[in-house]
Structures are given as structure tokens and as C-alpha cells.
1. Total Lys pairs in the chain closer than 28 Å by alpha-carbon, pairs eight or more apart in sequence or interchain only?
2. Any chance you could run the full-extension gain for residue 190 through residue 326? It's 0.36 nm times the residue separation minus the Cα-Cα distance, nm to one decimal.
3. To the nearest 10 degrees, how steep is helix 28-38 against the longest Cα principal axis of the chain, on a 0 to 90 scale?
4. Would you mind computing, in nm to one decimal, how far apart the modelled labels at residue 22 and residue 81 are, each placed 7 Å from Cα along Cα→Cβ?
5. Let me know the Rg and Dmax you get for region 164-252 when you use only its Cα atoms, in Å.
6. Could you check how many percent of all C-alpha pairs in region 192-339 are farther apart than 25 Å?
7. With a 10 Å cut-off between alpha carbons and a GNM built on the chain, which of 328, 88, 270 moves the most?
8. Under the rule that an exposed site lies in a DSSP loop and has at most 12 other Cβ atoms within 10 Å, name the longest stretch of the chain with no chymotrypsin sites (Phe, Trp or Tyr not before Pro) of that kind, not counting the sites themselves.
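The values are calculated or read from the model by the stated rules, or taken from the named source; none is laboratory data. On a predicted model such as this, the values are computed, not experimentally measured, just so you know. Counting neighbours? That spans all protein chains shown, and the Cβs are built from the backbone with ideal geometry, glycine included. For the accessible areas, the whole protein counts, side chains as well, though only heavy atoms, and no ligand, DNA or RNA atoms are used. Shrake-Rupley method; radii C 1.70, N 1.55, O 1.52, S 1.80 Å.
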Amino acid sequence: MSQISLPQSLYKDLPLTALAPMQDVTNLWFMKVIAHYGSPDYFFTEYFRVNETSRLNRHILAAITENDTGRPVFAQMIGESIPDLVRTARELCGYNIAGVDLNMGCPAPRIYRKNVGGGLLLSPEKVERILGELRQAVNDRPLTVKMRVGFENTDNFYSILDIINRHSIDLLSLHGRTVKDMYHGAVKYDLIAEAVRRVDCPVLANGNIHSATMALEVLSQTGAAGVMVGRWAIANPWLFNQIRQALRCEPITPVPLVEVRSYIDRLWQTPRAATMPERARVGYLKMFLNYIALFVDTEGHFLRLMRHTQTEVELFNLCDRFLLADITKNLALAPSLSL
């Protein structure tokens, strides 16, 4: 079976961009927020958990059925029960999805200990069976895989790439760390380059793409068809536009800190805001601010003080202090990675 055509990109002459799927982050609301500042070519949903009793999660489904961003959305699944993965994939194909994506990279211990997500990388034979069955079930639209370069080491890396070829996977998103690396340590971009050479489908390079400059470096180093950005798009939702500017050799438009303050306001207005207790809502916003802070204040004071705030008033007073005090200041083009 030959590869199936991927959805049209925003700019067909440029490498692809994608927002990485992130559990509890990349819901419909966050996709809309990102789209407001500059859409990637592709969105991926949070994962649909798949097992014997699973049903399609309606909140995740809303990211497909109510999505008005105008960009294609891939439906991501996580699981290892082959009949249930096939059943779920067929159900998902009844909706307006860009394709079905299998998660083979989630590094959370509570996930991989169930032999799903990144845990699948320990058993190529299982991957072979899953992809074989899914390819038969998903035969009229893209079947894609998101994975890491290995579980604890890269022993199974090449055999899994060969399995991906055998089952005509249409797109591979590859994070250049192992499952056990989590989000720490160097990203093995050389292995992403190896994958680009070895597989027949386009590859999206993923892992620590924190700026437009870094995206260009990674594309140059790997030869990938595009980049997938996760946590750093939380920090800088303008990043996809900045990557496109850099690819066109245009100057990157600076983002005033005043605009960042407006972005934080937008994040505060989560649809669940009315029903969330203040403490939970502050905690939810801090999850985003943990990344934003690294671009706002390279000394690390904002990050440290933000983590100590307890109330909405304290948190927003601090944001005002750092973001509105000097209207000439801009968001850094790369994060303070030493913090």
C-alpha cells in the first residue's frame, strides 16, 4: 500500500509545522488560542485512551467536531489492545479528522508501565501487529505515528523504523530523546536525520525546538519535512509565525511584553473558569507561566516569584510588574534554558 496524501499545508513551499499533542493542554480552547496568534499547519489532539471499555472522550472529540481554526486535526490514540485500537480508529474515521495518530512516545511512568505510549517501544513485535491491523482499518486517510528514539536506549530504533515502512505509515513525528530521558538532556537530532533517510514517509522533528532559529538549525541538521513544537509554543504562541518568517529569510517580528500580558489574560479565560475554584485556576495558569516566564525574564526572578503567588490578585500584580513596567521591552527570541 502506498502512502496517502497528507492534508494541505498553509504554505506549500515551506516545511511543515505542527503543534505537539500535550495532555491537559492541547484541547479545543488552546488550539483556538494558538490559532489566534498564528496556526501551525497541523494540530494533534490529546490522546484518546483506548481499552476494552473505552469510549471516545467527548471533550477531546470537541477539538475535532467544534474546531473552527481552519487547520487539519489528527486524532491521537494511546493503547495496546489491538481490537480496541481498531474499533476506536474506525469510530474516529467517522469524524472530520486529518488522520489517525498512534502515540508510541508518552514518557509518563503511569502510562508506559501499562505497556502503552512509550512502553510500546520495548516490543517491536507488538508494534508490528498493531500497525498492521491499524493500516488495514485506516485505509482511506493518513495513519501517523508519534514516537521517541527508544525506551531506555536506542536498540529497537531501526527495527521500528523498518516496521513503519512495512505498514506504509504516512507521517512520523519523532522526538529525539528516549522515554527515560523525559524532557531532559540533549536531543539526538542525528537519529532524527537517520530516520529521515530510512523511512519512506515525511518526518517531523520534535524535541526542544524553542525558537525560530532553532527550528532552522534542526531542519538543516535533520533534513526533516517539518518541525513539531510542544512546550515552547505554550511559552511563545507567536512561534509558528516566527518560524515561517525565518524560513522566508524575513526579520522576525518582535513581540512586546504588553502583548504577552494580553496572552496571559486569554489563558486565564479558560472555558472552565466559571466552575474552577480560584486556587485550581491559579495553579492551571502557573502551568503555562512556567514556560512563558523563561522568555520574559532571563534572570529568573519572574519565574521564582510567580511560583510563590497564591491568589489571582497576587499573580496578576506580579505579571503587571514584569510585563507592563517598560512598554519598550519585548519577549526574548529564545528562552533562558539555564534556569
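1. Lysine pairs meeting both conditions in the chain amount to 19.
2. On the way: separation 136, 0.36 × 136 = 48.96 nm, distance 4.16 nm.
Residue separation times 0.36 nm, minus the Cα-Cα distance, leaves 44.8 nm.
3. Between the helix axis and the principal axis of the chain, the angle is about 70 degrees.
4. 3.1 nm
5. When restricted to Cα atoms, region 164-252 yields Rg and Dmax of 13.3, 42 Å.
6. Working: 3983 of 10878 pairs.
Result: 37 percent of Cα pairs exceed 25 Å.
7. Of the options given, 328 has the highest mean-square fluctuation.
8. Details: sites that count: 95, 183.
The longest such stretch corresponds to 184-339.
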